[in-house]
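**Q** One structure coming up, written as structure tokens, with questions to follow.
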Protein chains: 2
Amino acid sequence: MIVTVSRQFGSGGREVGKRLADELGLQYYDKELVEEIANHTDLNEGYVASVLENGGFKHYAFTFGRSMPFVSPTPAPVTDVLVAQQKIIKAIAKRGNCLIVGRSADVILKDFRPFRIFVYADNAEKIERCRARAAEGENYTDKQLIKQFKEIDGGRKKLHDLLGTYPWGDKAGYDLMLNTTNIDIKKIIPALAEYIKNSTK
Amino acid sequence: MIVTVSRQFGSGGREVGKRLADELGLQYYDKELVEEIANHTDLNEGYVASVLENGGFKHYAFTFGRSMPFVSPTPAPVTDVLVAQQKIIKAIAKRGNCLIVGRSADVILKDFRPFRIFVYADNAEKIERCRARAAEGENYTDKQLIKQFKEIDGGRKKLHDLLGTYPWGDKAGYDLMLNTTNIDIKKIIPALAEYIKNSTK
């Protein structure tokens, strides 16, 4: 089983992804991990393979970049990173039973026929969610936050639509679109998992 | 609990609605019933109330128009029907525990905060579904069917968007959007019902 989760910034898509991966027993990968690996395109395949092999997000996401002595000191060019990302995402998918958040995995993996989720919410909900998670001293106005949503999601859309097929966030490209406005994400996860398990003919 | 189901023509939205209403124990109303009642705007409120009271679709949808001696012989003007529809849909909602397919019930009932579903599918799926249900001798080409989809859904969109708020089929206006492409609708109904039951904070 392969599940991809695309999401608007602030909609709780990552939470949906993490909890759903746990519920379904899937290996969880988020965009930061994929990016982190892909940023080091001068690293050998064995390194990337070992990162993937040893289990994703939980062990590496925030530390391995700094703790590995053989990390490249300068970031790789953007196109190299994008190419590397695609390779990595396909390598992850080939191993099966995984859930990937972001990084246009829905399009990159279309030949694998993943179950594709899109998570979204209205601005009020996204603002509330961002405020609840803000670092101390962070104090953006609603207007500033909404501007951020537009910028971040605009970036996601641009990268996604580079790869063609269908526009980011357009229902045609997804199997299920979840509005998390006024929803307690924890509570809908078991039903969501059941839906996915029963979604093949 | 109030659920509304909007849907692309041929996507199986009505099947989703019927099965879901059964699963959740909700009274089921489809657009034909609402239309049928609303068409007779010269009928007194007692009549409409009795139709609603006596249980919707199963008993009346296809026969009461002809079997009632006091039905008006000419159809009511469109605007009257639209106004009557809104009244009827609100009357249905006030009685609670119902599922309404179509007729912009999602917008009309926004103060009731219904759970709003949108059902869609790709053209190949919709064509297959239409063919499976076609009357004998009916023999449309794919192109003709796709043209029909556009026309019918265009009509739905026009009426829906008259009422404002958000465009028909735009994710912002729905709590859950289901792509029925390659899905066996029967199989996802229990999970869908659970999702809705758990979707309030």
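**Q** For the subset of region B:26-52 comprising residues that are assigned to a loop (DSSP other than H, G, I, E, B) and of a type outside the set (D, E, K, R), which member is modelled with the highest pLDDT?
**A** B:L26
**Q** A further question follows. So which of A:D153, A:D175, A:D184, A:D170 is closer than 29 Å to B:E194 by Cβ, within 14 Å of another protein chain (Cβ to nearest Cβ) and surrounded by 18 or more Cβ atoms within 10 Å (Cβ to Cβ)?
**A** Criteria check complete, one pass: A:D175.
**Q** Failed condition for B:E194, given (1) at pLDDT below 95; (2) more than 19 Å from the chain's Cα centre (by Cα), with all others met?
**A** With (1) at pLDDT below 95; (2) more than 19 Å from the chain's Cα centre (by Cα) applied to B:E194, the lone miss is (1).
**Q** A further question on this structure: Would a scan of region A:109-131 turn up a residue that is among the small types (G, A, S) and at pLDDT below 95?
**A** No; the residues of region A:109-131 include none that is among the small types (G, A, S) and at pLDDT below 95.
**Q** Criterion first (in a helix (DSSP H, G or I), farther than 9 Å from A:L99 by Cβ, modelled with pLDDT of 90 or more and more than 13 Å from the chain's Cα centre (by Cα)) does A:E23 satisfy it?
**A** Judged against the criteria, A:E23 is a match.
**Q** Taking region A:188-201 only, how many residues are loosely packed, with under 15 Cβ neighbours inside 10 Å and within 7 Å of chain B (Cβ to nearest Cβ)?
**A** 1
**Q** Output the number of residues of region A:176-201 satisfying the condition of being under 17 Å from B:M177 (Cβ atoms) and either assigned to a strand (DSSP E or B) or among the hydroxyl-bearing types (S, T, Y) (or both).
**A** 8
**Q** Pick from A:A132, A:A121: which is under 20 Å from A:T180 (Cα atoms), within 14 Å of chain B (Cβ to nearest Cβ), aliphatic (A, V, I, L, M) and in contact (Cβ under 8 Å) with a residue 24 or more places away in the chain? Please lay out each step first, then the result.
**A** Numbers: A:A132 fails: in contact (Cβ under 8 Å) with a residue 24 or more places away in the chain.
Among A:A132, A:A121, only A:A121 is under 20 Å from A:T180 (Cα atoms), within 14 Å of chain B (Cβ to nearest Cβ), aliphatic (A, V, I, L, M) and in contact (Cβ under 8 Å) with a residue 24 or more places away in the chain.
The values are calculated or read from the model by the stated rules, or taken from the named source; none is laboratory data. Given the structure is predicted, the values throughout are model-derived calculations rather than measurements. FYI the Cβ positions are ideal-geometry reconstructions off the backbone, even for glycines, and counts take in every protein chain you see.
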